[in-house]
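Student: Below is a structure I'd like to ask you about.
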Amino acid sequence: MIKVGIVGGTGYTGVELLRILANHPQVKVEVITSRSEEGIAVADMFPNLRGHFDLAFTVPDVERLAQCDVVFFATPHGVAMSLAPELIARGVKVIDLGADFRIKDVAVWEDWYKMSHTCPDLVAQAVYGLPEVNREAIASAQLIACAGCYPTATQLGFLPLLEAGLVDHRRLIADCKSGVSGAGRGASVGSLLCESSESFKAYGVAGHRHLPEIRQGLSLAAGKPVGLTFVPHLTPMIRGIHATLYATLKDPVDQGLQTLFAERYAHEPFVDVMPAGSHPETRSVKGSNVCRISVHRPQNDDTVVVLSVIDNLVKGASGQAVQIMNLMFERPENEGLQQVALMP
Ligand SMILES: NC(=O)C1=CN([C@@H]2O[C@H](COP(=O)(O)OP(=O)(O)OC[C@H]3O[C@@H](n4cnc5c(N)ncnc54)[C@H](OP(=O)(O)O)[C@@H]3O)[C@@H](O)[C@H]2O)C=CC1
Ligand SMILES: CC(=O)N[C@@H](CCC(=O)OP(=O)(O)O)C(=O)O
C-alpha cells in the first residue's frame, strides 16, 4: 500500500483528494492535516466520507509526514516550499497542488506571487505535473508541481496546434470561465452566494498569476516564446472550467484539425476529443478526471476555436494529482480515477 499524507485536508482540493483516494485500492491515508480543525474526525467534518476514513485532523508535523511514501500539499502558495525541503531530503515524494514549484524562472514567480521563494534550488528539480506532456519525467520525479486549473484546460486545448506549428504562436487568446470553488473554501466576500450567483464577470484582465505558467508551457510546446492574452471569468456554478481558445492558422487550407487532435490524444486516458462540431459542457466532466475537447473552424476561415472543459477540482487539481501519484508509483494511470461525470 502507498502511505499518503495530505497537508491542507479541510480545503476543497484536500477533501476532493480524500473522495478520490477513498476508491483507490492501493492507498492508505496515514496523515491529514488542519491547523484549525485539529482533533476533529474527518468524517464528522465531511459526512460524505463517513465509513471511508477513520482519521482525525492533526497539525502539520514533519516527523509524522516523513513516515509517508508521498505527501500531497493542498495548501495556499508558500506552504509547500516551507516543508518540502525536509521531506525531500528524507526521501519522501512530494506532490504540490499549489504553485510553489510551477515556474522555472524564480524571479518571475516572485514577481507574480508577491513573496520570496525559500527554496529556489528545488524549483529546478521539480517536474511540472501535466501527464499529457511530461509523463516519463513525472514517473521518475521526487517533487511535482501540479499544473494549475486554468493552465490545464488551456494547455491541453492549445498543445496540438502549437506542437504541429500550425498557428501563429504570437497571437493566442484564452477566454476562460471558472466555477466559484476555484477560489477555495476560505471565506471571502467574492465567494458569497449573493456576490457570485446570478452574475458573471471577468477578473484579472490586467494580469493573472496563471498567465506566466500557461505561457511557459505553451512556449515549450511551440519551441519559442508565445504571445498570449488570458482572461479569466467567474461563473455562477460550483465546479468546472470552460476554456474558449482562439488561434490563427498560418495556412488557411484545410489542415485536418479533427484528425490532428484525435491523433495527439488517441492514447491519453483522460483527454476526450469529441466529434467535429461538438460543444463540450462542464457538467459532462463534473466529478471526473476527464478533459473534453472539441476543435472548430467557424466559416472555414483562418481562425481555429478550441473548446476545452475540465472539473477544476479533479483534472484541474486533485484528480490530476492522483494520476501523477499513480505514475510515480508505477500503478495503472487510471487507478482510482474511473468515476463517470455527474449528469445533470
Ligand atoms: N480550488 C481549486 O479549484 C484549485 C486549487 N488549487 C490549488 O490547491 C491549493 C489548495 O486550494 P484549495 O483547496 O482551493 O484551498 P482552500 O483555501 O480551500 O484550503 C486550504 C487548506 O490549506 C490549509 N492551510 C492554509 N494555510 C496553511 C498553512 N500555512 N500551513 C498548513 N496548512 C495550511 C487549510 O487548513 P488549516 O488552515 O486549517 O490548516 C486548508 O485545509 C492552492 O494552492 C490552490 O491554488 C489548484 C487547482 C485548482
Ligand atoms: C475562481 C478563482 O478564483 N480561481 C483561482 C484559480 C484557482 C486556483 O486555485 O489556482 P491554481 O490552479 O493555481 O492553484 C484564481 O483565479 O486565482
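Student: List every residue pair whose Cβ atoms sit under 6 Å apart, with the two residues 6 or more apart in sequence or on different chains, where the first one lies in the range 221-245 and is outside the structural domain of TYR203 (by TED's automatic domain parsing) and the second, anywhere, is acidic (Asp, Glu) and part of a loop (DSSP other than H, G, I, E, B).
Tutor: So the pair list comes out empty.
Student: When you scan the range 1-54, how many residues do you find that are hydroxyl-bearing (Ser, Thr, Tyr), within 16 Å of ligand 2 (Cβ to nearest atom) and either outside any helix (DSSP H, G or I) or at pLDDT below 95 (or both)?
Tutor: Step one: of the range 1-54, the residues hydroxyl-bearing (Ser, Thr, Tyr) are 10, 12-13, 33-34, 36.
Next, from what is left, pick out any that are within 16 Å of ligand 2 (Cβ to nearest atom): 10, 12-13.
With the extra rule that they be either outside any helix (DSSP H, G or I) or at pLDDT below 95 (or both), the set shrinks to 10.
Total satisfying the criteria: 1.
One line per residue, one yes/no per condition, for (1) buried (at least 17 other Cβ atoms within 10 Å of the Cβ); (2) hydroxyl-bearing (Ser, Thr, Tyr):
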residue: SER284; (1), (2): yes, yes
residue: GLY287; (1), (2): yes, no
residue: GLN299; (1), (2): no, no
residue: THR303; (1), (2): no, yes
residue: VAL306; (1), (2): yes, no
residue: ALA317; (1), (2): yes, no
residue: ALA321; (1), (2): yes, no
residue: MET325; (1), (2): yes, no
residue: LEU337; (1), (2): yes, no
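Student: Confirm whether ALA107 is at pLDDT 95 or above and touching a Lys or Arg at 6+ places or on another chain (Cβ under 8 Å).
Tutor: Details: at pLDDT 95 or above: yes; touching a Lys or Arg at 6+ places or on another chain (Cβ under 8 Å): no.
In short, no.
Student: Tell me which of these ALA266 doesn't satisfy, since it passes every other one: (1) surrounded by 17 or more Cβ atoms within 10 Å (Cβ to Cβ); (2) of a type in the set (Gly, Ala, Ser); (3) over 29 Å from HIS208 (Cα atoms).
Tutor: With respect to (1) surrounded by 17 or more Cβ atoms within 10 Å (Cβ to Cβ); (2) of a type in the set (Gly, Ala, Ser); (3) over 29 Å from HIS208 (Cα atoms), ALA266 is out only on (1).
Student: Which of the residues belonging to the range 189-239 are more than 11 Å from ligand 2 (Cβ to nearest atom), assigned to a helix (DSSP H, G or I) and surrounded by fewer than 16 Cβ atoms within 10 Å (Cβ to Cβ)?
Tutor: VAL189, LEU193, CYS194, GLU195
Student: Same structure again: For GLY186, state whether it is closer than 26 Å to GLY9 by Cα, within 16 Å of ligand 2 (Cβ to nearest atom) and surrounded by fewer than 18 Cβ atoms within 10 Å (Cβ to Cβ).
Tutor: Values: closer than 26 Å to GLY9 by Cα: yes; within 16 Å of ligand 2 (Cβ to nearest atom): yes; surrounded by fewer than 18 Cβ atoms within 10 Å (Cβ to Cβ): yes.
So GLY186 passes the test.
Student: Report, by residue number, each residue of the range 19-61 that is of a type in the set (Gly, Ala, Ser) and either surrounded by 15 or more Cβ atoms within 10 Å (Cβ to Cβ) or outside the structural domain of PHE72 (by TED's automatic domain parsing) (or both).
Tutor: Pass one, the range 19-61, residues of a type in the set (Gly, Ala, Ser): 22, 34, 36, 39, 41, 43, 51, 56.
Scanning the range 19-61 gives ALA22, SER34, ALA41, ALA43, ALA56.
Student: Just checking, does the range 270-278 include any residue being outside any loop (DSSP other than H, G, I, E, B), touching a Ser or Thr at 6+ places or on another chain (Cβ under 6 Å) and surrounded by 20 or more Cβ atoms within 10 Å (Cβ to Cβ)?
Tutor: Applying the first criterion (outside any loop (DSSP other than H, G, I, E, B)) to the range 270-278 yields 271-273.
Of the ones still in play, those that are also touching a Ser or Thr at 6+ places or on another chain (Cβ under 6 Å) are none.
No, every residue in the range 270-278 fails to be outside any loop (DSSP other than H, G, I, E, B), touching a Ser or Thr at 6+ places or on another chain (Cβ under 6 Å) and surrounded by 20 or more Cβ atoms within 10 Å (Cβ to Cβ).
The values are calculated or read from the model by the stated rules, or taken from the named source; none is laboratory data. Every value quoted in this text rests on a predicted model; they were computed, and no experiment measured them. Here Cβ is always computed from backbone atoms with ideal geometry, including for glycine, and neighbour counts include all displayed protein chains.
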